[in-house]
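Reading through the structure tokens given below for one structure.
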Amino acid sequence: DRIVKIDGSSTVYPVTEAVAEDFQKAKKGEIKVTVGISGTGGGFKKFCRGETDISDASRPILKKEMDACKAAGIKYIELPVAYDALTVVVNPKNDWIKSMTVDELKKIWEPAAQGKVTKWNQVNPAWPDAPIKLYGPGADSGTFDYFTEAIVGKSKSSRGDFTASEDDNVLVQGVSRDKNALGYFGYSYYSENAKKLKAVPIVEKAGKPAVSPSFDTVKNGTYQPLSRPVFIYVNASSVDKPEVREFIDYYLKSAPKLAREVKMVPLPEKAYKLAQDNFKKKKTGTGFGGEPEVGVSVEELLQREGKH
Amino acid sequence: MSETGGNTLKAEARSLSFYYGDYKALKEISLPVHDRKITALIGPSGCGKSTFLRCFNRMHDLYPGNRYDGEIILHPDDVNILSPKVDPIEVRMRISMVFQKPNPFPKSIFENVAYGLRVRGVSKRSTLEGKVEQALRDAALWNEAKDRLHDLAFNLSGGQQQRLCIARALAIDPELVLFDEPTSALDPIATASIEELMLELKEKVTILIVTHNMQQAARVSDHTAFLYLGEVIEFNETKKIFTNPDKSQTEDYITGRFG
Amino acid sequence: MSETGGNTLKAEARSLSFYYGDYKALKEISLPVHDRKITALIGPSGCGKSTFLRCFNRMHDLYPGNRYDGEIILHPDDVNILSPKVDPIEVRMRISMVFQKPNPFPKSIFENVAYGLRVRGVSKRSTLEGKVEQALRDAALWNEAKDRLHDLAFNLSGGQQQRLCIARALAIDPELVLFDEPTSALDPIATASIEELMLELKEKVTILIVTHNMQQAARVSDHTAFLYLGEVIEFNETKKIFTNPDKSQTEDYITGRFG
Amino acid sequence: MNQPNINEMRGLIARHKRWDIIFAIVGLVCLLVGILTLLALFGQLVAEGLPRLKPGFFISFPSRSAEEAGILSAWVGTTLVMLVTALAAVPLGVASAIYLEEYAPKNWLTAVIEINVTNLAGVPSIVYGLLALGLFVYQLDLGQSILSAGLTLALLILPVVIVATREALRAVPGSIREAAYALGATRWQMVSNHVLPYSQGGIMTGVIIGLSRAIGETAPIITIGALTFIAFLPHPPVTGEFPYLSFAWLKDPFTVMPIQMFNWTSRPEEAFQHNAAAAGVVLLGMTLLMNGVAIWLRYRIRKRIKW
Amino acid sequence: MNGKNHRLAHSHTRHLRERLIESVLLLAALSSVATTFAIVAILCYESIPFFRKVPLKEFLTDSQWTPLFDDAHYGIMPLVAGTLTTTAVALLVAIPMGTVIAIYLSEFAPHRLREVVKPFLELLGAVPTVVFGYFALGVVTPLLQMIYPDLSGFNMLSAGLVMGIMIIPYISSVSEDAMRAVPMHIREGSYAMGATRFQTATRVVVPSAFSGIAAAYILGISRAVGETMIVAVAAGMQPNLTWNPLEPAATISAYIVQVCLGDLPHGSIGYQTIFAAGLTLMLMTLVFNIAGYWLKKRFREVY
Ligand SMILES: Nc1ncnc2c1ncn2[C@@H]1O[C@H](COP(=O)(O)OP(=O)(O)OP(=O)(O)O)[C@@H](O)[C@H]1O
Ligand SMILES: Nc1ncnc2c1ncn2[C@@H]1O[C@H](COP(=O)(O)OP(=O)(O)OP(=O)(O)O)[C@@H](O)[C@H]1O
Ligand SMILES: [Mg+2]
Ligand SMILES: [Mg+2]
């Protein structure tokens, strides 16, 4: 059997699934593709044991995982495939929020706010004297890591007294039911539920304009700092298998269309080109140093020296 | 209970039939049960004695598919206790039963005997203790049981269990007691004391007893009915039945080698 | 089995004691069981008759806390069947038992009787059918049961169940049969046929029977033992025991009102 | 008995019977709460999923478009995984129960096994997943396969099967055991000819609630690697040529119904919620179907055996 | 008896066969012990590095559980409290209701109803727990909020209630079987004394079936302690040291599943916390079970 095995993050899953579906149809079932969801961490665990050909990742590979892969002699090609735009949302009945600055968000979410910042007017006196109800993803998720890094400035640094859920639909429900709610999660959950939610335009720095999340603002890089790339990692030795090669080619070619279809934001054309080059060249290693990073552009990333 | 004993009736079966599903185990039985007398039912195994007895406290109600036909009138109230309108619990409160196979509860000896009283709402320790002791004495079990009242009843011997069940049935002062072979598992001495007890009891209560011991029937009962294949072949005063039965079948049966 | 009957022994209890936990139910019992004879055990309820009988097929092994002391020698092998080295199953293959409370399996009548044979590896339909019929005839149940062989045994009357258990115990051609009050639930006619059966059986097998029916003991048994409070008070030929017992206790017991 | 006495007694009975009635009502209410919850859940699922319950749903593979997506790989996977689970858990569970109830001497080892069994029942299912990942997938090298998943779920429900079976065995009266032994039956004959057949009803209950639990489990099989997107079927267990049975499917990758549901419920698109609901309906249907035989057997057995 | 030698020979093979069967059965019974050992081994092995970093004292006494945050605290008590509270709520629903249903079905209901209803109740155990989770969140919580408007959207109460309903079949089915197995003649004894159904059920049948009912309870409790998805969806996933069921909280099992399926790298301290938490849960259930074992032993009735 010719099987391409993929596992990993649930954030990347929809894109990979879409590609896998079309790819199998295009190949008339000659090549089988399986896609699992076991989280970025679980995916890398299997990947670094050589059990999967490709790993979906909503964050770059981290030091521990790099070590594991190295120990097992596994080299990988890091390919960004789409953007995920973290969206800050409030209830549609919330009429006082027109936009928020990163600083305001930080004031709400930083660890020091725990138990202290509990009312809207503590953040901005123009806002009402009403309690803030916070919703966010669980601390185990890449989304949480990225948001804290981007807003608070330090990964995993957050207040703890918010309602966390693994399941973004639960967060959607929570925010849509509560006038005083504020939450954040992936763009696709916002865009599917745009009627029940209101996305908050973000002001990156004082003086910059407030930018709402959308395909365009993410793609052209103005929606900052809450857009992040998501990746697939390809096992370098699997590339020798023609089915994997064909699959990746297909992936990078169809990603712009399919990502959009599943409500993820495609990378700029140029980035896909670069990714294809990297893949052809079998450029292994990660552009990150095993540490999370905010605000890097994909193009820059793809040109960095790969670290192992 | 009417004040005089005499020849008044305590209960009366009127063309009573009984069906286990399709099987007709009792065939139009009519039988009087005299007040404060002992009525014995005899007959070969499988003839329907237990089935008949169990009609009196509506035990058959517990199983689906069983069906009564006809009546059992309980006096002095003159109610048909088989009528669906009559509450079987009321019937059972007034009529108690000792079963063919001893069936103690998985409880202590004391709790077994006290059970009927508790069901009747008695909970005062001293009343219970008094009644339990009296019942155990009546059933000739007190000496063996008094030191192990709080042992599990299952650890008793077969005969002891049977006496326990007798004690349990007596503790509640019933009007009519149904005995299904109460002494089958008992030795002669215990049997003697149970028979004595019955004779004493009959001062106050009516007794219906199934026995396959002809001597026992002859000794203790006032009236005897001979059942065969679900029918009453003959009913009469015990003396008459055992000396000069009307039917040849009866005679054959009781003069069998073991009369 | 030795070829001659006579006065050889089939089994022998030698200072057998038995404990239910701490309670000593049998006290140094010594008793011979003669080959192809009927030995009766009599005694008041709770004296240890069932306990003694159940030693012979090691039934007590099934429960924790029970303890034997002393020996039961089975002849002609001369082995102590209580020895831990002896496989209780082998003992039970040779010694079968009818219990005090009828305990049929929740299977059909046929399967109840056939079970012992199946355990012994018989599975030929025709053999089974023949043996089952014979056993049911022997136990005087054939007429009642022949049309409902495949009915559940639980739907039988008390006495019918008892006879079924007898048939079950006989179907396997045992060397020694233990009867624990086999006729207590039976009417005189059925009792007569079971007693006849025992007399016939004794041509081939040895019988140990517990009964509280003195007449029965007198009628069928060759030897009688009188137990009291876990001790053998007297053992002798039945004739002797019932006419001229050595001990006054025995005399008191058997001449009770119901001798 | 004189008249006042009878009235007193009637009063007593009426008081006692009041409890009967109260209890019957309370019982019925409790029952209704359970059944109504089920009906509410089921109704909700049906209402939401009905539009998707068309033949196409059963014969299509998952897809990014909710209307095209189906549960073919999921229901086939569930069927095969349940087959493995039942074949592993039932014999193992019943055998353990028989050992504990009929053979085990009353010593510390037995006590340990006994406590251990009930303790296992409380281990969260995800921990079984972790165990299975280490044991079946890596150590025994069974891979992320139907076999691994089936065995994992078998371990998961083992305690339920054992506990229910033990109680069923224990309920067989001692007199029946005595009767069998007295006829010369060995322990195993006694167990296999009597105790086991008479307790089948209770064993069935254990099997039913065990398998019901297994069929709805998600977490442990995700951990060992059930797949969410799989657009092909495992090897067929029955082949056209001799020996007609093939076991290649045991090692195949798979997905199961609850995972498919789980995946769909966490999708952002509303349309997938309908798919999830429809899959839920099918899953409950499959459970009833799977347990049908056991339910029917239990009904038959309980009707036949009364002590 | 000349067949004797033959019988002895036969007994030899029979003996062997019996021993063989016994060994096979013992092996089966030991498989569950082996499972436990494997689980404990895995949990211990992975939590050793965790306990190297986090002293046991902190683990047991710190009142915060934020191992995945920058400012990490490793106090297990919030999770323990969440687990115990949801379990307690669930049991307060499941034990009375399950028992009542069992008694009702076994002693009161017409047998048609019983045979139809039981399989349907058992279906409750088959509903994927995610569905229950959404039911708790989307139906039960809003209903409860109509009574207590202040109830937070995520709370242990509705998770516990729904969990209780889910566990009902565990308790009702197994106890009903146990009650049904009480021999009829014992019931007859009670009815013959004039007892009502209720009296017979509570005074004779339930005590006689005690061992089976206890086993059912233990199964139910165990299931509640280990239940994951309902709590994960409906209780808020917020480690919160509180015994108030009206508040949101997280349980050990929910925490484990959350981390297992998340994006954390394996082998990191954050990931290892799940093993320490799992070990804690094992120990907790062990304590329950040992207590249950002794209780059951003391109250066991025989017939
Ligand atoms: N399982 C047991 N545990 C404790 N004591 C017991 C047990 N079984 C019987 N006994 C006691 O042992 C004594 C002898 O009992 P056994 O059953 O042998 O009497 P028995 O002579 O057969 O009487 P019966 O004629 O009433 O059947 C009795 O006092 C009885 O209470
Ligand atoms: N539950 C039942 N279902 C079907 N038939 C039954 C049932 N119980 C008893 N019978 C049959 O009804 C007939 C009468 O049974 P019953 O128990 O009344 O006999 P009995 O006179 O008490 O006999 P015994 O002296 O042996 O106890 C018997 O033929 C018996 O087989
Ligand atoms: Mg009878
Ligand atoms: Mg006895």
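Does D:F272 satisfy the criteria of being in a loop (DSSP other than H, G, I, E, B) and more than 16 Å from the chain's Cα centre (by Cα)? Talk me through it step by step, then tell me what you get.
Numbers: in a loop (DSSP other than H, G, I, E, B): no; more than 16 Å from the chain's Cα centre (by Cα): yes.
Criteria not met by D:F272.
Would you check which residues across segment B:177-187 are at pLDDT 90 or above and either more than 12 Å from chain C (Cβ to nearest Cβ) or within 15 Å of ligand 4 (Cβ to nearest atom) (or both) and list them?
Once the filter is applied, which keeps residues that are at pLDDT 90 or above and either more than 12 Å from chain C (Cβ to nearest Cβ) or within 15 Å of ligand 4 (Cβ to nearest atom) (or both), segment B:177-187 yields B:V177, B:L178, B:F179.
Tally up the residues in segment A:88-122 that are closer than 22 Å to E:F69 by Cα, crowded, with 16+ Cβ neighbours inside 10 Å and not β-branched (V, I, T), please. Before the answer, list the steps.
Just the residues of segment A:88-122 that are closer than 22 Å to E:F69 by Cα, to begin with: A:88, A:102-118.
Applying the additional criterion that residues be crowded, with 16+ Cβ neighbours inside 10 Å yields A:88, A:102, A:104-111, A:113-114, A:117.
Restricting the remaining residues to those that are not β-branched (V, I, T) gives A:104-107, A:109-111, A:113-114.
Within segment A:88-122, residues that are closer than 22 Å to E:F69 by Cα, crowded, with 16+ Cβ neighbours inside 10 Å and not β-branched (V, I, T) number 9.
Within segment A:253-276, work out how many residues are closer than 17 Å to A:Q24 by Cβ and assigned to a helix (DSSP H, G or I). Talk me through it step by step, then tell me what you get.
So the first thing to find is which residues in segment A:253-276 are closer than 17 Å to A:Q24 by Cβ, and the list is A:253-255, A:257-258, A:261-262.
The next check asks that each one be assigned to a helix (DSSP H, G or I); those that pass are A:253-255, A:257-258, A:261.
Qualifying residue count, segment A:253-276: 6.
Each row is one residue, and each column tells you yes or no for (1) surrounded by 13 or more Cβ atoms within 10 Å (Cβ to Cβ); (2) facing chain E (nearest Cβ under 7 Å).
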{"site": "D:E8", "(1), (2)": "no, no"}
{"site": "D:L12", "(1), (2)": "yes, no"}
{"site": "D:K17", "(1), (2)": "yes, yes"}
{"site": "D:F23", "(1), (2)": "yes, yes"}
{"site": "D:T37", "(1), (2)": "yes, yes"}
{"site": "D:F42", "(1), (2)": "yes, no"}
{"site": "D:G49", "(1), (2)": "yes, no"}
{"site": "D:P55", "(1), (2)": "no, no"}
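In segment D:200-230, how many residues are small (G, A, S) and either part of a strand (DSSP E or B) or more than 8 Å from every other protein chain (Cβ to nearest Cβ) (or both)? Steps first, answer last, please.
Of all residues in segment D:200-230, those small (G, A, S) come to D:201-202, D:206, D:210, D:212, D:214, D:216, D:219, D:225-226.
Restricting the remaining residues to those that are either part of a strand (DSSP E or B) or more than 8 Å from every other protein chain (Cβ to nearest Cβ) (or both) gives D:210, D:214.
Residues flagged as small (G, A, S) and either part of a strand (DSSP E or B) or more than 8 Å from every other protein chain (Cβ to nearest Cβ) (or both) within segment D:200-230 amount to 2.
Among (1) under 20 Å from the mean Cα position of the chain (by Cα); (2) more than 8 Å from chain E (Cβ to nearest Cβ); (3) charged (D, E, K, R), where does D:E241 come up short?
(1)
Sort out which residues of segment D:174-189 are crowded, with 22+ Cβ neighbours inside 10 Å and either more than 8 Å from chain C (Cβ to nearest Cβ) or part of a loop (DSSP other than H, G, I, E, B) (or both), and write them in order of number. Don't jump to the end; show me each part of the working.
Our first condition is that a residue be crowded, with 22+ Cβ neighbours inside 10 Å; within segment D:174-189, this holds for D:179-186.
Selection gives D:L183, D:G184, D:A185, D:T186.
Which of (1) at the interface with another protein chain (Cβ under 7 Å from one of its Cβ atoms); (2) outside any helix (DSSP H, G or I); (3) in contact with a strand residue (DSSP E or B) (Cβ under 9 Å, 6 or more places away or on another chain) does E:V233 not meet, given it meets every other one?
(2)
Read through the list (1) surrounded by fewer than 18 Cβ atoms within 10 Å (Cβ to Cβ); (2) over 29 Å from E:T285 (Cα atoms); (3) without any contact (Cβ under 8 Å) to a residue 24 or more places away in the chain, then give the number of the only condition that E:Y148 fails.
Answer for E:Y148: the failing condition is (3).
What are the pairs, 6+ residues apart or on separate chains, where a residue within segment A:113-125 that is of a type in the set (K, R) has its Cβ under 8 Å from a residue that is at pLDDT 85 or above?
Close Cβ pairs satisfying both conditions: A:K116/A:Q122; A:K119/A:D129; A:K119/A:A130; A:K119/A:P131; A:K119/A:I132.
Please find, among B:Q161, B:Q134, the residue that is polar (S, T, N, Q) and within 14 Å of chain C (Cβ to nearest Cβ).
Values: B:Q134 fails: within 14 Å of chain C (Cβ to nearest Cβ).
Going through B:Q161, B:Q134 in turn, the sole match is B:Q161.
Would segment D:114-126 turn up any residue that is out of contact with any Gly (no Cβ under 9 Å at 6 or more places or on another chain) and more than 8 Å from chain E (Cβ to nearest Cβ)?
no
Taking B:P174 as the residue in question, decide whether it is within 16 Å of ligand 3 (Cβ to nearest atom), more than 10 Å from chain C (Cβ to nearest Cβ), surrounded by 24 or more Cβ atoms within 10 Å (Cβ to Cβ) and within 21 Å of E:E188 (Cα to Cα). Give the derivation first.
On the way: within 16 Å of ligand 3 (Cβ to nearest atom): no; more than 10 Å from chain C (Cβ to nearest Cβ): yes; surrounded by 24 or more Cβ atoms within 10 Å (Cβ to Cβ): yes; within 21 Å of E:E188 (Cα to Cα): yes.
It is false that B:P174 is within 16 Å of ligand 3 (Cβ to nearest atom), more than 10 Å from chain C (Cβ to nearest Cβ), surrounded by 24 or more Cβ atoms within 10 Å (Cβ to Cβ) and within 21 Å of E:E188 (Cα to Cα).
On the given criteria, is A:V230 more than 15 Å from the chain's Cα centre (by Cα) and not small (G, A, S)?
Working: more than 15 Å from the chain's Cα centre (by Cα): no; not small (G, A, S): yes.
Against the criterion (more than 15 Å from the chain's Cα centre (by Cα) and not small (G, A, S)), A:V230 does not qualify.
Which of the residues that make up segment B:168-200 are without any contact (Cβ under 8 Å) to a residue 40 or more places away in the chain and outside any helix (DSSP H, G or I)?
Within segment B:168-200, B:D173, B:T183, B:L186, B:D187 qualify.
Looking only at residues in segment A:50-101 that are small (G, A, S) and farther than 25 Å from A:A275 by Cβ, which one is nearest to the chain's Cα centre (by Cα)?
The first filter runs over segment A:50-101 and keeps only residues small (G, A, S), leaving A:50, A:55, A:57-58, A:68, A:71-73, A:82, A:85, A:99.
Filter once more, so that each one left must be farther than 25 Å from A:A275 by Cβ: A:71, A:99.
On the way: A:A71: 27, A:S99: 22 Å.
Looking at residues that are small (G, A, S) and farther than 25 Å from A:A275 by Cβ, I get A:S99.
If I go through segment E:140-157 residue by residue, how many of them are away from chain A (no Cβ under 12 Å) and in a helix (DSSP H, G or I)?
Within segment E:140-157, the subset away from chain A (no Cβ under 12 Å) is E:140, E:143-144, E:146-149, E:151, E:156-157.
Pick out the ones that are also in a helix (DSSP H, G or I) and you get E:140, E:143-144, E:146-147, E:156-157.
Residues in segment E:140-157 being away from chain A (no Cβ under 12 Å) and in a helix (DSSP H, G or I): 7 in total.
Pull up segment C:133-144, narrow it to residues that are assigned to a helix (DSSP H, G or I) and buried (at least 24 other Cβ atoms within 10 Å of the Cβ), then point me to the one that is farthest from ligand 2 (Cβ to nearest atom). Please lay out each step first, then the result.
Pass one, segment C:133-144, residues assigned to a helix (DSSP H, G or I): C:133-138, C:142-144.
Remaining after also requiring buried (at least 24 other Cβ atoms within 10 Å of the Cβ): C:135-136.
Numbers: C:A135: 18, C:L136: 14 Å.
Top of the filtered list is C:A135.
Specify which of the listed residues (C:P88, C:P102) is within 16 Å of ligand 1 (Cβ to nearest atom) and either out of contact with any Gly (no Cβ under 8 Å at 6 or more places or on another chain) or within 30 Å of C:E12 (Cα to Cα) (or both). First the steps, then the outcome.
Working: C:P88 fails: within 16 Å of ligand 1 (Cβ to nearest atom).
From the options C:P88, C:P102, the qualifying one is C:P102.
Residue under question is A:V170, and the condition is that it be within 14 Å of chain D (Cβ to nearest Cβ), surrounded by 23 or more Cβ atoms within 10 Å (Cβ to Cβ) and touching a strand residue (DSSP E or B) at 6+ places or on another chain (Cβ under 6 Å); does it hold?
It is false that A:V170 is within 14 Å of chain D (Cβ to nearest Cβ), surrounded by 23 or more Cβ atoms within 10 Å (Cβ to Cβ) and touching a strand residue (DSSP E or B) at 6+ places or on another chain (Cβ under 6 Å).
Do the conditions hold for A:S191, that is, is it among the polar types (S, T, N, Q) and crowded, with 23+ Cβ neighbours inside 10 Å? Steps first, please.
Working: among the polar types (S, T, N, Q): yes; crowded, with 23+ Cβ neighbours inside 10 Å: no.
No, not satisfied.
Considering (1) more than 30 Å from D:V160 (Cα to Cα); (2) touching a helix residue (DSSP H, G or I) at 6+ places or on another chain (Cβ under 8 Å); (3) part of a helix (DSSP H, G or I), say which one D:A14 fails and leave the rest.
(2)
Could you list, ordered by first residue, the pairs with Cβ atoms under 6 Å in which the first is in segment C:44-58 and farther than 24 Å from B:A192 by Cα and the second is within 8 Å of ligand 4 (Cβ to nearest atom), at least 6 apart or interchain?
Sorted first by the residue in segment C:44-58, then by its partner, the pairs are C:L53/C:D180; C:L53/C:V210.
Can you list the strands (runs of 3 or more DSSP E) lying wholly within segment C:1-114 that have 3 or more residues being away from ligand 3 (no atom under 16 Å from the Cβ) and within 14 Å of chain B (Cβ to nearest Cβ)? Even if it seems obvious, please write down each step before you answer.
On the way: elements: C:9-20, C:23-34, C:38-42, C:66-74, C:95-98.
Correct list: C:9-20, C:23-34, C:38-42.
The values are calculated or read from the model by the stated rules, or taken from the named source; none is laboratory data. Keep in mind that this is a model prediction, so the values were computed, not measured. A quick note on method: Cβ atoms are made from the backbone with ideal geometry, for glycine too, and the neighbour counts reach across all protein chains shown.
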